[in-house]
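K.L.:
Quick one: the structure is below, and I'll ask about it shortly.
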Amino acid sequence: MQTAIQLTLTSLQIGAVYILFSLGLTLIFGVMRIVNFAHGHLFAVSALAVAWAVPWLAGNGLPILPAYLLAAVGGIAIAMALGLLMYVTGFRFFQRDMVGSFILSIGLVLLLDGVLLKVFGGAVRPVPEIFPGNISIFGAAITNQRFALCIAAILITASLYWALTRTKLGKALRAVSIDHEAAMLQGVPYNRMALAGFMIASGLAALAGALIAPVTIVSPVIGADYLIKGFIAVIVGGLGSVPGAILGGLFVAGIETFGSFYFDPSSATVAIFLLVIAVLLVRPKGLLGHG
């Protein structure tokens, strides 16, 4: 029983990051009907900035928690600035153009791979422990850092869901994702909504990167693995569906955790892809997809 609780907690820790990552992907697809393969680089930029800045700030006498918070703010700001640059110079010209946006995002992936390797080098960068110690939940241990990550992810996800369902901006984004032409006829400024959706998605990727940095080894290629898992999550849950992205992220994390423990990581990866195949055969638009 304790093993099951421990694995469940581990799944929630991993799923918290997958959810934040996949929410950005599904938001971009829902509003702009494009797939951004460079989304993982926004995640990587934020994580790399945190991994570089925290040791430097701490080495200059700043306490570790303020150093992390300051580095996280800086990393998120840099990642969002990069997201804005990507939108203004590229994606705004390929809205609702799957082929054009695909080619553009692949080009950005190749460009940013080279830039990140040039700027940060290929070495991994650990982040000093921010919240030392462990806590016990139903007899299972979890580090304070991972617990803080889960709480932050829950709060961010809940805030996003509330904003999408209760605020004027959120309702406009949902209207555009359902039928952008009808929304425009009702006075919804589509271009503004596309920019808002892209920037919110960039912010989610940046937040996920800043949150994951203290609990993993950061490298310039960290975004690639999360990009694959994030796409799997939104495909399983349904492209354009926020609840689907949450459900898909938890599914992927659960299979990865339990499969790796009872079998091996390779078997868990195979099981994840089998899940995608099974879901698409039964529900081609995903579990909660629509349209």
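K.L.:
Can you tell me which residue among Ser202, Ser241 is under 16 Å from Ile28 (Cα atoms), at pLDDT below 90 and in contact with a Gly (Cβ under 7 Å, 6 or more places away or on another chain)? Let's see the steps before the verdict.
P.N.:
Working: Ser202 fails: at pLDDT below 90.
The conditions single out Ser241.
K.L.:
OK, next. Cβ-Cβ under 6 Å, sequence separation 6+ or interchain: first residue in the range 268-285 and farther than 16 Å from Gly254 by Cα, partner of a type outside the set (A, V, I, L, M). Which pairs?
P.N.:
Every condition considered, the pairs that remain are Lys285/Gly238.
K.L.:
Quick check: anything in the range 65-76 on the phi < 0 side of the Ramachandran plot, within 19 Å of the chain's Cα centre (by Cα) and among the aromatic types (Phe, Trp, Tyr)?
P.N.:
no
K.L.:
Given the residues Phe93, Phe138, which is the only one that is of a type in the set (Phe, Trp, Tyr), open to solvent by 60 Å² or more (accessible area, probe 1.4 Å) and free of Cβ contacts under 8 Å to residues at least 60 places away in the same chain?
P.N.:
Numbers: Phe138 fails: free of Cβ contacts under 8 Å to residues at least 60 places away in the same chain.
None of the others qualify; the one that does is Phe93.
K.L.:
Looking only at the range 248-263, which residues are open to solvent by less than 60 Å² (accessible area, probe 1.4 Å) and not hydroxyl-bearing (Ser, Thr, Tyr)? Before the answer, list the steps.
P.N.:
Of the residues in the range 248-263, the ones open to solvent by less than 60 Å² (accessible area, probe 1.4 Å) are 248-249, 252-257, 259-260.
Scanning the range 248-263 gives Gly248, Gly249, Val252, Ala253, Gly254, Ile255, Glu256, Gly259.
K.L.:
Give the residue that is nearest to Tyr190 (Cα to Cα), with candidates limited to residues of the range 92-118 that are part of a helix (DSSP H, G or I) and aromatic (Phe, Trp, Tyr).
P.N.:
First pass over the range 92-118, keeping only residues part of a helix (DSSP H, G or I): 92-93, 98-118.
Narrowing further to those that are aromatic (Phe, Trp, Tyr): 93, 102.
On the way: Phe93: 13, Phe102: 21 Å.
Residue satisfying both the conditions and the ranking: Phe93.
K.L.:
Residues that are within 28 Å of Ala140 (Cα to Cα) and in contact with a Ser or Thr (Cβ under 6 Å, 6 or more places away or on another chain): find the helices (runs of 4 or more DSSP H) completely inside the range 1-89 holding 1 or more of those.
P.N.:
Values: elements: 2-32, 39-59, 64-89.
Correct list: 2-32.
K.L.:
Does Ile272 count as open to solvent by less than 40 Å² (accessible area, probe 1.4 Å) and either touching a Phe, Trp or Tyr at 6+ places or on another chain (Cβ under 6 Å) or of a type outside the set (Lys, Arg) (or both)?
P.N.:
Values: open to solvent by less than 40 Å² (accessible area, probe 1.4 Å): yes; either touching a Phe, Trp or Tyr at 6+ places or on another chain (Cβ under 6 Å) or of a type outside the set (Lys, Arg) (or both): yes.
Answer is yes for this residue.
K.L.:
Which of the residues that make up the range 126-164 are in a helix (DSSP H, G or I) and more than 20 Å from the chain's Cα centre (by Cα)?
P.N.:
Our first condition is that a residue be in a helix (DSSP H, G or I); within the range 126-164, this holds for 144-164.
Of everything in the range 126-164, just one residue is in a helix (DSSP H, G or I) and more than 20 Å from the chain's Cα centre (by Cα), namely Asn144.
K.L.:
Filter the range 105-125 down to residues that are touching a helix residue (DSSP H, G or I) at 6+ places or on another chain (Cβ under 7 Å) and open to solvent by 40 Å² or more (accessible area, probe 1.4 Å) and give me whichever is modelled with the lowest pLDDT.
P.N.:
My answer is Arg125.
K.L.:
Moving on. Within the range 281-291, take every residue that is within 22 Å of the chain's Cα centre (by Cα) and either open to solvent by 40 Å² or more (accessible area, probe 1.4 Å) or among the aliphatic types (A, V, I, L, M) (or both) and give me the one that is modelled with the lowest pLDDT. Walk me through how you get there before you give the answer.
P.N.:
We begin by selecting, within the range 281-291, every residue within 22 Å of the chain's Cα centre (by Cα); these are 285-290.
This time we only want the ones that are either open to solvent by 40 Å² or more (accessible area, probe 1.4 Å) or among the aliphatic types (A, V, I, L, M) (or both), so: 285, 287-288, 290.
Numbers: Lys285: 84, Leu287: 84, Leu288: 83, His290: 64.
In this case the residue turns out to be His290.
The values are calculated or read from the model by the stated rules, or taken from the named source; none is laboratory data. Everything numeric in this text was worked out from a predicted model, so none of it was measured. Cβ sites come from the backbone with ideal geometry, for glycine too, and all protein chains shown count toward neighbours. What goes into the accessible areas is simple: the full protein's heavy atoms, side chains included, and nothing from ligands, DNA or RNA. Shrake-Rupley method; radii C 1.70, N 1.55, O 1.52, S 1.80 Å.
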